[in-house]
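Everything below concerns the one structure shown next.
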Amino acid sequence: MPSTVDIANFALNMLGASNISALDENSKVARIINQRYESARDFVFREHPWNSLIKRATLAKETVSPDFGYANQFPLPVDPFCLRVLEFSNGTLSYPQDNMLSNTGSPVFVIEGRKLLTDEGTAKIKYIARITDPNEYDSGLVEALSTYLASEISYAVTGSTTLVQLMYSKYEQVLKQARHTDATEGAPQRFEASDFIESRM
């Protein structure tokens, strides 16, 4: 499986640049990679619910409640770090983020800072985790990450605005294919918003 250096070199190869041997080596391209790698990685992670990055957690309720609006607040996971909440459960029923309204029409939960706010007394989540070990990435994610990284560093490495546009267009194509493959892996899940609404009436 590829390492972080391999992913960086995949990006550099797309730009016609020489490989690096380490992210902390004393070279211009390594310094550019270091400046952009982590933010580029997190951006791509948040673009799609990659199967290889999904984790589950039961959150610990804080003793202090929000000042208003919701009854309870829960810190988001830090190990591994939560980049995006995909699904929320009150301990009995689970619903995706894009279809979670209470019977009053308000969101079942909101994210504010690094906390999840809700009226529910239990908060279980599926989330995109910041996984830093590339050995856990599937091939589609590796390809998407290296292509996006190439688009991010292309101007600094080559000085070509045309190449920036070319690399980003390539990234969009790679992401589309990777999303399709990743999304069709495993059994499809079906969520019914009415179940959650009716359970709260």
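The values are calculated or read from the model by the stated rules, or taken from the named source; none is laboratory data. Computed from a predicted structure; not experimentally measured. A quick note on method: Cβ atoms are made from the backbone with ideal geometry, for glycine too, and the neighbour counts reach across all protein chains shown.
Pairs, please: C-beta under 8 Å, at least 6 apart or cross-chain, first residue under 15 Å from VAL78 (Cα atoms) and in segment 107-119, second of a type in the set (Phe, Trp, Tyr)?
LYS115/PHE74; LEU116/PHE74; LEU116/PHE88; LEU116/PHE109
Mind checking which residues of segment 25-77 are surrounded by 13 or more Cβ atoms within 10 Å (Cβ to Cβ), aliphatic (A, V, I, L, M) and in contact with a Phe, Trp or Tyr (Cβ under 9 Å, 6 or more places away or on another chain)?
Answer for segment 25-77, where residues must be surrounded by 13 or more Cβ atoms within 10 Å (Cβ to Cβ), aliphatic (A, V, I, L, M) and in contact with a Phe, Trp or Tyr (Cβ under 9 Å, 6 or more places away or on another chain): ALA40, VAL44, LEU53, ILE54, ALA57, LEU59, LEU76.
Test ILE20 against the stated conditions and say whether it is free of Cβ contacts under 8 Å to residues at least 40 places away in the same chain and surrounded by 14 or more Cβ atoms within 10 Å (Cβ to Cβ).
So ILE20 fits the description; yes.
Residue pairs, Cβ under 7 Å, 6 or more apart or interchain, first in segment 52-80 and touching a residue at least 60 places away in the same chain (Cβ under 8 Å), second in a loop (DSSP other than H, G, I, E, B) and hydroxyl-bearing (Ser, Thr, Tyr). List them.
Filtered contacts from segment 52-80: SER52/TYR137.
Here are some conditions: (1) in a loop (DSSP other than H, G, I, E, B); (2) over 17 Å from ASN51 (Cβ atoms). ILE131 meets all but one. Which one does it not meet?
In the conditions (1) in a loop (DSSP other than H, G, I, E, B); (2) over 17 Å from ASN51 (Cβ atoms), ILE131 misses (2) alone.
Based on what the data block shows, is SER169 surrounded by fewer than 17 Cβ atoms within 10 Å (Cβ to Cβ), at pLDDT 85 or above and either in contact with a helix residue (DSSP H, G or I) (Cβ under 9 Å, 6 or more places away or on another chain) or not basic (Lys, Arg) (or both)?
Answer is yes for this residue.
Would you confirm, using the coordinates I've provided, whether ALA178 is touching a helix residue (DSSP H, G or I) at 6+ places or on another chain (Cβ under 6 Å), at pLDDT below 95 and either assigned to a strand (DSSP E or B) or not hydroxyl-bearing (Ser, Thr, Tyr) (or both)?
yes
Taking segment 116-128 only, how many residues are in a loop (DSSP other than H, G, I, E, B) and surrounded by fewer than 21 Cβ atoms within 10 Å (Cβ to Cβ)?
3
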